[in-house]
Amino acid sequence: MRVAVAGCCHGELDKIYETLAVAERRGPGPVDLLLCCGDFQAVRNEADLRCMAVPPKYRHMQTFYRYYSGEKKAPVLTIFVGGNHEASNHLQELPYGGWVAPNIYYLGLAGVVKYRGVRIGGISGIFKSHDYRKGHFECPPYNSSTIRSIYHVRNIEVYKLKQLKQPIDIFLSHDWPRSIYHYGNKKQLLKTKSFFRQEVENNTLGSPAASELLEHLKPTYWFSAHLHVKFAALMQHQDTDTGQTAKATRFLALDKCLPHRDFLQVLEIQHDPGAPDYLEYDIEWLAVLQATNDLINVTGSLWNMPENNGLHTRWDYSATEEAMKEVMEQMNHDLKVPYNFSVTAACYDPSKPQAQVQLLHRINPQTTEFCAQLGITDINVRLQKAKEEHHLCGESEEEDDVESNDSGEDQSEYNTDTSALSSINPDEIMLDEEEEDNLVSMHSDVNTPSVEPSSDQASDFSTSFSDVRILPGSMIVSSDDISSSPVGREEKLGEVVELGDGKDLTEGPLKRLSNEHEPEQRKKIKRRNQAIYAAENEEEEET
């Protein structure tokens, strides 16, 4: 089946779907599935905008609300993970995943589903060492600290994913697995993003938690975004089982959704022709969720996952055949993800903007139904009870601020913190102290302008938003870099592939439609909060 992968979406659904239409006209057939690697921005209304960790001037309504209201429907099944610029209050309603709009499915804090027999897993958020060992204590209304910590990856999600034993076909994350840059064209990466050099040389660029998952899961494909650059790599895993062929992971990171940027990729994925053409729950993942239910933590205290160190009576929560059989019975032998989307918040109305939309901590009926059927805990229900009893949602604010500014003692098993690069990425927003003051304390009403996408930005996608690449021909790993990679490998991603039209995809490079070249050197940025997020200036330069 034909699968499209998008990098940072930044709420530009109209542009992404229109670009897909261009790809379908050019390609051998329709796209069957769209995968998005974070910064999706499922913003329903002005209150959701206030929950997005960006300075107020970068809060734009974009186009998701039209899909949420039913005005539009996603033309292709869309699956996404969360990033670090999200309507966090909306995604928090669906910790185990669910529909955010018709035909648009969120994988949750971490999740695994199946589509046409292809097993798709993912983890939301970015890595931040001092929050990694905390529970999910945040809830709306967020303060200046929790509006950021809400999207930080926690050890419980990584622990759950590490219980999986069955093969994963595709895995999604927002930030890159650490060290993946050693397995691709590192020279070209540093030429494009020279400010990554220090992190690459120190091997601190990317998420150590994602790297741990990559080593454990060994998926066939791993897709990421976050760093706003296209980068392909091939990681050959060590042979751990005697007699079995060592697995390899094809990694691809994509840019953000802007004209003339590599933000979208179309590839052919082998699937089971006899498998259902609807979204299914994954039975092993459901069994793991059930087994780890007692490990749920909604406090800001630091804690460690059970391990075989003599301190825990149980440390293996992997799914047994018996457990999976019991879960199948609970699910009535039907793993089809129910289409039970419902509107849970008022939708933005361009004709009647509401700057003071009330922000609530909602319980989503999708999550209620899922938890009841599987017999697990709705994190938000427990959070609400804890908030009523102990006001836990804000208990870690002071502690969190201290830890955020204290570099003396690391708060996780990882010795570095890579949620924000120490060097400046001109393409990524950086939140310094001055901007944090403007980040929104949800305890007070904040005037938030809702900006409609300009007609200039929304026009003529066929010429400005159609940089589509086809795999595997465009995932070639440079031979210059292969020899210097940590693991020697013979497999190449640039093998000749013929699609329905019989054309050799490696005949020549696919050119940008604009014949435009990136500037050799970007202007220096005087302050971090001048980093480009919405990139209006960049759009003007490139169009």
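Any residue in the range 87-94 that is within 29 Å of ALA232 (Cβ to Cβ) and open to solvent by less than 10 Å² (accessible area, probe 1.4 Å)? No, there is no match, as no residue in the range 87-94 is within 29 Å of ALA232 (Cβ to Cβ) and open to solvent by less than 10 Å² (accessible area, probe 1.4 Å). Scanning for something assigned to a loop (DSSP other than H, G, I, E, B), under 23 Å from VAL288 (Cα atoms) and touching a strand residue (DSSP E or B) at 6+ places or on another chain (Cβ under 8 Å), does the range 138-161 turn up at least one residue? For the range 138-161, residues assigned to a loop (DSSP other than H, G, I, E, B), under 23 Å from VAL288 (Cα atoms) and touching a strand residue (DSSP E or B) at 6+ places or on another chain (Cβ under 8 Å): present. Looking across the range 46-82, the residues that are under 17 Å from ALA101 (Cβ atoms), open to solvent by 10 Å² or more (accessible area, probe 1.4 Å) and out of contact with any strand residue (DSSP E or B) (no Cβ under 6 Å at 6 or more places or on another chain) come down to GLN62, ARG66, SER69, GLY70, GLU71, LYS72, LYS73, PRO75.
The values are calculated or read from the model by the stated rules, or taken from the named source; none is laboratory data. A quick note: this is a predicted structure, and the numbers were derived from the prediction, not measured. Note that we place each Cβ from the backbone using ideal geometry, even for glycine, and neighbour counts take in every protein chain shown. Heads up: the accessible areas ignore ligands, DNA and RNA and are worked out on the full protein's heavy atoms, side chains in. Shrake-Rupley method; radii C 1.70, N 1.55, O 1.52, S 1.80 Å.
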